[in-house]
Structures are given as structure tokens and as C-alpha cells.
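The values are calculated or read from the model by the stated rules, or taken from the named source; none is laboratory data. Everything numeric here is computed off the predicted structure, so don't read it as measured data. Here Cβ is always computed from backbone atoms with ideal geometry, including for glycine, and neighbour counts include all displayed protein chains.
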Amino acid sequence: MRKLCWFSFSFALAALFCIYLLPVRFTLLCGTAALGLGLILYAALPERIRRAALLTGLGLAAGFAWFFGYDAVLFSQARGLEGGERQVSAVVWDFPVETDYGSWVDVKVDAGGPFSVLTRAYFFDDPTEDLRPGDKITFSASFGRADSVEERRITSYTSKGYLLFARNAGDLQLLSSPGMTFTNFHRYLRRAIQDRIHAAYPEDTAPFMRALLTGDRTEINEDVKTASDLERAGISHIIAVSGMHVSILAGFLLTLFGKRRWAVLTTLPVLAVFMAVSGFSASVVRAVIMQTFILLAPLIYREADSLTALAFALLVLLLFNPYAAAGVSLQLSFAATLGIILLTPRLNGALGGKRKGKDLPARAVRFVAGSLSTTLGALAFTLPISAFYFGCVSLIAPLSNLLILWAVTPAFVLGALSVGTAFLWLPLGRFLAVYASWCARFILFAADRLASPFLACVTLDGAALWWFVAVYVATAAVFLLKMPARRLLYVGSLAVISLCGIFLIRNLSAAPGYTMTVLDVGQGECIVVSSGDGTAVIDCGTSGWEDAGELAERYIRALGRGHVDALILTHYHADHANGAERLLAALDVSALIVPEPRFEESGLDEAVLAAADRAGCQVLFVTEVTGLALGETQITLYPPMGMETENERGIAALVDDGEFETLVLGDMPGYIERQLAARYDLPDIECLVAAHHGSRTSTTDNLLDAVTPEVAVISVGENSYGHPTQEVLDRLTARGIEILRTDQNGNITITSR
């Protein structure tokens, strides 16, 4: 019996309970109850399962107790810095990251306790480009807990060890700069490797190789099209340094040196350095620990057990940080590995992977069976996690992995060799980089081609979600009930046919009129209008944690479309326009329609216009009443009627198919609404997208009397402004206008037929 598995997985379960469900004050009580229950079951159950019950109880009790202690020691220090502005001393933890709006720096803050607190500090005024890991600094900032932002529980930062955010950091002073030390050596090495990559590789492959070799996706994420292609094709895991990369590195070294004792003992330190250079990500730590188990087992005359190694790796990660259990990368990594351990051998046998022979057909069958069984085994447990966090699944992933993964090994090995030799002699590094770049270009080209079909990646929305659940349950039943393997083909065919049917029905059911969806992007606005074959997006931004451009892209692709006829931005505030850059890069957009920019304030107007230029998109400035035909629907754009603020300079849009009219006002203030109603002959409308997210200064009595809407849609999320205000809600209610809100109703779709 695998004793460590019962204990470790129970420990992780307790951590998840504490993170998502259980208040900290109840953790010790639950731990005591779990221990008591384990002891009772140990005494009451039959001998063959009593030990498993005891270990489960012990694991739960230890998990609850460890989480309580971690929170009590570290978060108690963090709480001491919350609220108000404080001057603190800190040690720079990593190199600063520059952005268009300032920079952020990871620092270890002295909170007056036994441990320093890992904090992400945001600087907007003070320069940080000269800071280096190990530098001792002082600064002032307003601190807040990393697990609670705008009253939402955010676990992505605490899972990485961050306990605090430092906002509006300033008054930066450098006290000392000791430079590279043993504890931060890997960060300097990581930066040096990244510099060598850029010196050796051409611009088109350097971002990909940087992500492949070091796990730093910063540059490749800036190339939205490439990042989207890799995600839609289901191969984004190849640039998230993980167990695959560790296996490639270990396999190359052991092939080079042979499986001798000294070779194994030499390989382990190399894997440790690689783990450090990759930033100690959960997936790499897990893989290195498991690889260590596997390599050392023969040397100490023990049998390597993958499941026990996986359990031990999980326990080590959670002992360092129990909040890591909530990390998406950890969950995906362990779920994929568990699926490969439990399911891949069975799948490989069912697909003919055990076929003997050295002839080409036999080898081809083994290769295809091995690739597909590994991919399907990994997907078995990761699909629900991906569906939950990302709202989409890649249907083409098995084919993509079959066609592409073979190129990852030479790209990684040649990439590592090219960087290593570039440190010794740059021309030789560039020579090897040529061959690694061929592999990288093939991967990027294949990802682009495979991501193109609109069913390559399916957004789980509405009916598609239920079909996904049904097909997943049916497929699971095939394994759990040990149905004949041929039924797998039936289940897979059912999945493809069902999803194709859903999207064909969606597209073929387009009748005269239009469909308008106000997407739930949090505190912001993004509206997708489709009519016939035409698609338009009105505004695309949010001030929340969501990416409005990504949400809009997924929704449009779920409609079976990859083209946008017009992206209309009412004005250049971030909550209406900061997703435009991603949308312009990710989809084929014919025209960007905007008010004339002033190139002031945030610089967002300049950034959006630059993105349109990169995408080869036509730009139209609205200076007079402008008509736009979208299928059988007409969109009328009204020019700005004020020039002082961005809100005054916004444009309004009337969407009209002759029977159903919708008016979109952006953040138009009340006195501009009155000018709009007085200057133009606005029709009686059916739907009003309330201005400024329900601000009391908009959606005025004057406008409501002029257009008499039947429905008002308010695009709003968590905010500190009090939107939507009670005054606006009362005005709408008094007129019998139905109110729909994205913060309460989610995506709101209105269809005119």
C-alpha cells in the first residue's frame, strides 16, 4: 500500500478546503476532528483498509494544522502592514519588470517579525531599472493583502508565495547593493541566459526560445497572436517549463554520459540548477523531485514508484507554501501527471502501442500510440480544470501534440547547447541557434495552421458546456465500467458531431435582425453585435482582473467567427478600451472606429492606434454622423459633442435593424446626453445600454423621456464608485424599464428577429 500517497493527497485536500471553503479560525477544530475520525475508523474498519483510513485522517489533520500555522506566522506579519501608507525597508527579490505605465518589483519586506514578507511593489514615478536582486532599499507605499483585492479572493499570487501588494510605491532609496550571492545566483544566471538568447537568436524566434528554455513567457505573451495560437492548438504547455522539459534534459544527459552511477549523480545537480533558473515553478519542482526518485531508485536498490514520487513532490511543495494548492499551474501539472501514470499505459495498449517489430509500420504505430496515449492521459484530468479556469477546451490538442511534440526535443536540446556555447563563443552559439530556430519556426507555423479552424478551441458557453459535461461523463464511464475499447471511437465521434452541431445551429439560425451580447467583463464595457455574416464590437475594456480582449475573442470564436468588421471605441478610457490591443492582434479586424485622439493622459489612445497599424487595420475617426452597414443592420455613430474630458469626447452608437433599436452611450455625462437628444432626432428605442455603468450623472430623465427604452442593460462589476447608483435604478424603475446587470446576470444577450 502506498502510505505516502494517502497522507500527501489528504494533506493537499485539507489545504484546498482551507483556501476555498474554510475560515482560518476553524482549521484547528477541523484538524482535531479529522484526526479523531481517522482513529475511530482505524479501530472500526477491516484490516485491509484501516491503515488507509488512519493515514487519511493524519494527512487531513496535518494539513489543517500546517495551514493554520503558516497563516498565523506569515499573514499575521502581513496584516501589520495593511492600511495606510508606510515606510518600509526591503531586499529586492528579482529584477524589476518595466511596463508602459511604470514598473513592478518583487521585494522581501521587513515586517518586524521572524520572516520577511514577499511583496509585489508597483512603482509609477521612481525609476527602478537599476535595481538588482539583493539590493537593500527603502520605500513608502500603501499595502494590501495579496489574497484579497477589491473584495475578491485572489489565489494566483498567494499560490506563488506573495502575501502583500504595495501600491503607489515611491520615495525609493537604495541603501546598499551587495550584488550576486549564493541565494540569488540563479536569478542572475537566468537573466544572463535570457541575454544570450537575444544575442544568439533572430527576433522572430527569440521570444519563443526564451519561454522554452527559461519559462519566461513575458515576451511571447506580448505577441498576442502567437500566444493565442498556442493556446487554441492545445500546445501552450510546451512554453510553460514543466516535466516534459525536465525529462528531455535528463534523457539527453543520460544518453550522452550513459546510465552510470557517476552520470546519474552528475545529472541531478544539473536538474537542480535548471529548476532554479526556471523560477522554482510548481511543475518543474514536481518533475525534478520525481526524476530524482526515478534516477536514485536503482542506485539504492529500490523500485521506482511514480505515484509515490508524485505524492512526495506534492507534499514538499505544500510544506513550503500550502497556498500553492490553489495554483493553476500546480493543479494542471499534477493532474496531467496523474492521468499519465494511471491511464496512459491502458490507452497505449488499446491503441496498439505494444505492437512488436522493428519494421517501419510497427514503429509508426508505436509512435502514434505513444503520443496519443500520453496526450489523452494528460487531458483526462486536466480538461475539467482548464474548462473551469479558462472556459474553453482545445479539441485539436491530440492532433497538435502528435504533429508538433517531436520538434520540441531538438528545439530544446539545440537551444540549450546554443546558449551554453554562446557564453563561450557567440558565433558558435548563433550557428547552433540556426538549427534550433528551424524547429521553433515549424512549431509556430504548425500552431498557426492548427489554431485556424473555429472548432480547434471550443468556448464552453451555454449548450456547449452541457455537451462537454455529457461527453466527458460518457468517456469516463467507458473506463470505469470497462466497456469495450471500440466504444471509445463512438464516444469521441459523438463529441465531435455534437459540438459541430451546436455551432452549425448557432450559425445557420441567424435570421434577419441582430444579436447583441453585453459581455460580463467586470467594471468595464464590451459589446458584441452580430448580424448575418457581419460582426462588430463596441468598446472593449475593463478595470477589473479580466482581459476584455481575451473574453471578446473567445466569445466571437465561439460564434464560429474569426473576423470583426468594426471595432468601435466610444472613448479611450481603460475600462472601455484596454482590451482593444489584444483583440486587434488576435482577430482579423477590418476597421477601428474611434473619436479623434488627443495623445494625452494615459497614452492608451496612442497604444490602440499603434496596435491597429501593426494589424493593418483601417482607422476611421468619427467627426460627423457616420453610418455603418452590418449585415441587414445599420449602426449610426454620433460624433463627440464636448471637448474637455474623455467622457465628453465620447461617441454614441445606435444599432437598428428597422424593428429593434439599441443605444450605446459609453461614459457620456448627463449634460452631453441632453445635447445628443436635442441635436439629433433619436428614435424610440427598445434597449438602452446605460451610460457610465449606472453613474448618477448619466442616464438622465431628459434622455429617458426622449428615447423611452423598454430594457436597460448596465455593464458593471465590483467598483468603489457605487455603480450602479440607486438614483439611476430608481429612474429606470419609475418608468417601468426592465433592468439587466452583468454583475448579476453575467453575459446578457438580446436577439432581434
Note on Ser452: of the conditions (1) farther than 15 Å from Gly234 by Cα; (2) modelled with pLDDT under 80, unmet is (1)
Just to be sure I understand the filter: pairs with C-beta atoms under 7 Å, separated by 6 or more residues or on different chains, first member in segment 254-273 and in the same structural domain as Ala313 (by TED's automatic domain parsing), second member loosely packed, with under 13 Cβ neighbours inside 10 Å and in a helix (DSSP H, G or I). Which pairs pass? Arg261/Leu299; Val264/Leu299
Evaluation of Ile137 against (1) surrounded by fewer than 19 Cβ atoms within 10 Å (Cβ to Cβ); (2) farther than 20 Å from Ser159 by Cα; (3) out of contact with any Phe, Trp or Tyr (no Cβ under 9 Å at 6 or more places or on another chain) (one fails), failing number: (1)
Mind checking whether some residue in segment 99-111 is surrounded by 15 or more Cβ atoms within 10 Å (Cβ to Cβ), of a type in the set (Ser, Thr, Tyr) and in contact with a helix residue (DSSP H, G or I) (Cβ under 7 Å, 6 or more places away or on another chain)? no
Among residues of segment 612-651 being of a type in the set (Ser, Thr, Tyr) and not in a strand (DSSP E or B), the residue modelled with the lowest pLDDT is Thr645
Considering residues of segment 97-110 that are touching a Pro at 6+ places or on another chain (Cβ under 9 Å) and within 28 Å of Ala610 (Cα to Cα) only, the residue modelled with the highest pLDDT: Val105
Number of positions in segment 81-121 that are basic (Lys, Arg) and more than 20 Å from Thr158 (Cβ to Cβ): 1
Being surrounded by fewer than 17 Cβ atoms within 10 Å (Cβ to Cβ), at pLDDT 70 or above and closer than 27 Å to Gly562 by Cβ narrows it down to one of Phe423, Phe445, so name that one. Phe445
In segment 603-619, which residue that is of a type in the set (A, V, I, L, M) and out of contact with any strand residue (DSSP E or B) (no Cβ under 8 Å at 6 or more places or on another chain) is surrounded by the most Cβ atoms within 10 Å (Cβ to Cβ)? Leu604
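Residue-wise test of (1) part of a strand (DSSP E or B); (2) at pLDDT 85 or above; (3) outside the structural domain of Leu74 (by TED's automatic domain parsing).
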| site | (1), (2), (3) |
| --- | --- |
| Asn168 | yes, no, yes |
| Leu174 | yes, yes, yes |
| Ile193 | no, yes, yes |
| Arg196 | no, yes, yes |
| Glu203 | no, yes, yes |
| Pro207 | no, yes, yes |
Residue count, segment 732-746, condition part of a loop (DSSP other than H, G, I, E, B) and touching a strand residue (DSSP E or B) at 6+ places or on another chain (Cβ under 6 Å), comes to 1
Within segment 101-133, which residues are touching a strand residue (DSSP E or B) at 6+ places or on another chain (Cβ under 7 Å), over 15 Å from Asp171 (Cβ atoms) and among the charged types (D, E, K, R)? Asp106, Lys108, Asp110, Arg120, Glu129, Arg132
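Yes/no per residue for (1) free of Cβ contacts under 8 Å to residues at least 40 places away in the same chain; (2) touching a strand residue (DSSP E or B) at 6+ places or on another chain (Cβ under 6 Å); (3) under 20 Å from Ala211 (Cα atoms):
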position: Leu360; (1), (2), (3): yes, no, no
position: Gly370; (1), (2), (3): yes, no, no
position: Leu379; (1), (2), (3): no, no, no
position: Cys392; (1), (2), (3): no, yes, no
position: Tyr435; (1), (2), (3): yes, no, yes
position: Ser452; (1), (2), (3): no, no, no
position: Cys457; (1), (2), (3): no, yes, no
Where residues in segment 58-77 are small (Gly, Ala, Ser) and within 19 Å of Ala34 (Cα to Cα), which of them is nearest to the chain's Cα centre (by Cα)? Gly63
Is it true that Leu583 is surrounded by 24 or more Cβ atoms within 10 Å (Cβ to Cβ), among the aliphatic types (A, V, I, L, M), at pLDDT 90 or above and part of a strand (DSSP E or B)? no
Please give the number of the condition Pro322 fails out of (1) surrounded by fewer than 18 Cβ atoms within 10 Å (Cβ to Cβ); (2) in contact (Cβ under 8 Å) with a residue 40 or more places away in the chain; (3) over 23 Å from Ala233 (Cβ atoms). (1)
Identify, from the list Asp656, Asp681, the residue that is within 24 Å of Tyr514 (Cα to Cα), acidic (Asp, Glu), more than 38 Å from the chain's Cα centre (by Cα) and surrounded by fewer than 21 Cβ atoms within 10 Å (Cβ to Cβ). Asp681
Taking the conditions exactly as written (in a strand (DSSP E or B), in the same structural domain as Leu637 (by TED's automatic domain parsing) and without any contact (Cβ under 8 Å) to a residue 40 or more places away in the chain), does Val564 satisfy them or not? yes
Can you find even one residue in segment 247-264 that is out of contact with any Ser or Thr (no Cβ under 7 Å at 6 or more places or on another chain), outside any helix (DSSP H, G or I), surrounded by fewer than 19 Cβ atoms within 10 Å (Cβ to Cβ) and at pLDDT 85 or above? no
Test: residue in segment 358-380 that is more than 30 Å from the chain's Cα centre (by Cα), in a loop (DSSP other than H, G, I, E, B), on the phi > 0 side of the Ramachandran plot and surrounded by fewer than 20 Cβ atoms within 10 Å (Cβ to Cβ): no
In segment 65-94, residue surrounded by the most Cβ atoms within 10 Å (Cβ to Cβ) [restricted to those that are among the small types (Gly, Ala, Ser) and not in a strand (DSSP E or B)]: Ala78
In segment 381-403, what residues are buried (at least 21 other Cβ atoms within 10 Å of the Cβ) and more than 18 Å from Arg557 (Cβ to Cβ)? Thr382, Asn401
Could you list all residues from segment 19-63 that are part of a loop (DSSP other than H, G, I, E, B) and farther than 28 Å from Lys160 by Cα? Leu45, Pro46
Selected residue (only one of Thr292, Thr308, Thr337 is touching a Leu at 6+ places or on another chain (Cβ under 8 Å), surrounded by fewer than 19 Cβ atoms within 10 Å (Cβ to Cβ), touching a residue at least 12 places away in the same chain (Cβ under 8 Å) and assigned to a helix (DSSP H, G or I)): Thr308
If we keep only residues of segment 7-65 that are hydroxyl-bearing (Ser, Thr, Tyr) and touching a residue at least 60 places away in the same chain (Cβ under 8 Å), then the residue farthest from Ala146 (Cα to Cα) is Ser8
Being buried (at least 20 other Cβ atoms within 10 Å of the Cβ) and either of a type outside the set (Ser, Thr, Tyr) or touching a Pro at 6+ places or on another chain (Cβ under 6 Å) (or both) is the requirement here; does Leu317 meet it? yes
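A quick yes/no check of all residues on (1) crowded, with 24+ Cβ neighbours inside 10 Å; (2) touching a residue at least 40 places away in the same chain (Cβ under 8 Å); (3) hydrophobic (A, V, I, L, M, F, W, C):
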{"site": "Asp204", "(1), (2), (3)": "no, yes, no"}
{"site": "Pro207", "(1), (2), (3)": "yes, no, no"}
{"site": "Glu219", "(1), (2), (3)": "no, no, no"}
{"site": "Val224", "(1), (2), (3)": "no, yes, yes"}
